[in-house]
Structures are given as C-alpha cells and as structure tokens.
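See structure below.
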Amino acid sequence: MGNSGFIARNILATSVFARTRALVRKYFYFEMTKRNLRLFTLFLACLTQPALCMGQDSNSQPSDEVSQASKPADFNTDIYYRNKLEFSLETGVLPINIPFVFDFFVGGNYNWQNPLHYTLVPIFPSLRWQMGTVRGPWILRGNTDLTLTLSFTAIPRGPETRYGAFDLGVRRNFVHRNWRVAPYFELRGGAGFINAKGPDGVPWAQGGDFTFTLMLGSGVRYNFNPRYSMDFGASYMHVSDAYLCHPSYCDNGINVYGPMVGFNVRLGKPKQESSQ
C-alpha cells in the first residue's frame, strides 16, 4: 500500500506539473503573439509616416499659395491682357537720312550716295490688339500687340509731298511687375501710294507711285492708368518700289529715322467688367 500510494502521488504531481507547464507555455505564447502584433503595428506605423508627411506637405501647398497670393498684386495685369483693344495715334519727325538698314540683303555695301535728303512727318492712327497675357522670364516678360495702321505721311523736304499706306505690324511690350514704364520693340510693313516725281524727270526721286514700307521702332510706354497711356521712342522708316520700276527708274528709296510720340486709349470695358 505504501508503494502504491507513493506512485499515485508521483503520478498526480507529474500530471499537475505537466498541466502547469502547458499553461505557462500557452501564456507565454499568447504574450509573445501580442508583443509581435504590437511590433508589427508599430512597424506599419513607421512605414506610413512618410506618406503622412507627404500628405501634410500637399495640404500645406495651399497655404504657400496663399502666402504668394498675399504679395502685392501686379496692376499691369489690368493693362496688358488677352484681347484688349486700343486706339493709338502716333506722329513724329524723321529728318535723319541713312542707308537702307538691310542693304546687305540686296547686295549693297551701305555706300549711300543719294544727294536728295528727305524729312517725313508720319501720322499713324492704329488699332492695337493685345494677343496674349503677360508671360515670360524676367527681362523677356511681357506680351505682344498686333497693329493695324492706316497711315498718312507728309513730306516737307524732298521732291515728293505725300505718302499714304496700310501697315501691319507687331509690337513686343516688356512688362515688369508694377512698373508704369514698359519698353517696347516693334516691326511694321505695308504698301501704299506716293506722288512719285521720278517720271517727271526729277533725278534720284521715287520711280513709281506704288511703294512698300518697312518700319523698325523702339521706345517706352508710360501707363497713366488701365485706359490711357503714351509712347515715346524712335523709328526708322523705309519707302521704296522694291525694284518694280527697274530698269526704267532706279530704286533709290527713302530711308529716314527720328523721334516718335503716341497716345493710346483702351476701347471697350475694363478687364474686370468684360470678363464677367
């Protein structure tokens, strides 16, 4: 009996120990699983943190735009904008006679020998159409005008006395933020009629009534407000028959330059009203 009781106690103790061991293993396994889950969750959080930062950066962009928008507005956006129409009236005196500036294109060497000296007084009523908004990098920032001109030119010095033409041109306005002064460069070309005196026997005069015009100009535009502005600059003007009367008459041409001044006025409603 003593041995059997001892054996029974050993078996019971062994069974209790085994159950306790199993419970302990189960507990630690459960705890390790929870810990691993926590570590995995933390790892995922670390991975998603850059995405959250990117999201915060993208959300912060509007604030940057707001800060940029808080800069002083450029009043030139109310002066230079797409489809703006202006009426322009220009005049000047062109008394300085020079060789044809593109003489090398026609085989010349700028050896100007015409003894006649001209003075032209052009009067240019024009319609200007701004073809775009202000854009471009730094010094090239600006917009472009298309110019339609019905011109009349008086000739107080020279054998001819008058010249009328239709001209088409482009002008580039160089516009800087909040500057009332805007430099410009322009090019015009056209055709018209002059009272040529070459057929009347005047030497070195123009050989035919139908002639062509080429003009180059540059200067500055001063804007009083979005409606009114003035131009101050200098222009070169070439008038000739482009060898249409050759060989009966030499194409002597007229090549002069001098100061110009102009006045511009907006046609139609301001930008804000026209866009509504």
(request) Evaluate the stretch 243-251: report whether one residue or more is buried (at least 20 other Cβ atoms within 10 Å of the Cβ) and in contact with a strand residue (DSSP E or B) (Cβ under 8 Å, 6 or more places away or on another chain). (result) no
(message) Looking for something surrounded by fewer than 20 Cβ atoms within 10 Å (Cβ to Cβ), part of a strand (DSSP E or B) and in the same structural domain as His117 (by TED's automatic domain parsing) - is there at least one such residue anywhere in the stretch 196-207?
(response) no
(message) Being modelled with pLDDT under 95, touching a helix residue (DSSP H, G or I) at 6+ places or on another chain (Cβ under 9 Å) and farther than 17 Å from Thr147 by Cα narrows it down to one residue among Gly207, Gly198; which is it?
(response) Gly207
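The values are calculated or read from the model by the stated rules, or taken from the named source; none is laboratory data. Source: prediction; values computed, not measured. Don't worry about glycine lacking a Cβ; one is built from the backbone with ideal geometry, like all the others, and counts go over all protein chains shown.
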